[in-house]
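The values are calculated or read from the model by the stated rules, or taken from the named source; none is laboratory data. For clarity, every value in this text was computed on a predicted model and none was experimentally measured. Note: ideal-geometry Cβ built from the backbone for every residue, glycine included; neighbour counts use all protein chains shown.
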């Protein structure tokens, strides 16, 4: 990549720094809290052995039967 874009990379290194100082990143605290809560919940469920995803339709007891032929080994 450096060989192909050599000129652009050299120009970006020589460009003066922005006049503004470093800015702090913005974050959505509600979304951050929700994401952390869901992640911790899923990890806790995983370690307790609870199924993470719904697996309806994957069992022979399902009214339509398994989604693959009975002769194929899985």
Some residue of the stretch 39-48 being surrounded by fewer than 10 Cβ atoms within 10 Å (Cβ to Cβ), at positive phi, out of contact with any helix residue (DSSP H, G or I) (no Cβ under 9 Å at 6 or more places or on another chain) and at pLDDT 90 or above: no
Lone unmet requirement of (1) modelled with pLDDT under 75; (2) surrounded by fewer than 10 Cβ atoms within 10 Å (Cβ to Cβ) for residue 4: (1)
